[in-house]
Amino acid sequence: MKQRYAVIVLFALIIASSFTSLDSYRMTSRMVNEDMDRALALAASIAERSMSRYCRA
């Protein structure tokens, strides 16, 4: 009987850690996407400013 409870607790811990790691992965992925969007916007604005310097009439 004790062994059955140990197995149940083990599986509960495995499932809980799986859900926690998936949530952490999703949050990290979202943060990376937001950071990449900001970096792309910054690079585009820098490129636009440098192009406007050379294309003045």
Carbon/sulfur fraction of accessible area - the chain, other protein chains in place, 1.4 Å, %: 66
Label corresponding to Rg and Dmax of the Cα atoms in Å when calculated from the structure given, among (i) 23.3, 77; (ii) 11.6, 37; (iii) 24.8, 86: (iii)
Angle in degrees between helix 2-54 and the longest Cα principal axis of the chain, rounded to the nearest 10: 0
Dipole magnitude of the chain, debye to nearest 20 (Cβ charges: Lys/Arg +1, Asp/Glu -1, about Cα centre): 60
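The values are calculated or read from the model by the stated rules, or taken from the named source; none is laboratory data. Computed from a predicted model, the values in this text were never measured in an experiment. FYI the Cβ positions are ideal-geometry reconstructions off the backbone, even for glycines, and counts take in every protein chain you see. These area figures cover heavy atoms from the full protein model, side chains too; ligands, DNA and RNA do not enter into them. Shrake-Rupley method; radii C 1.70, N 1.55, O 1.52, S 1.80 Å.
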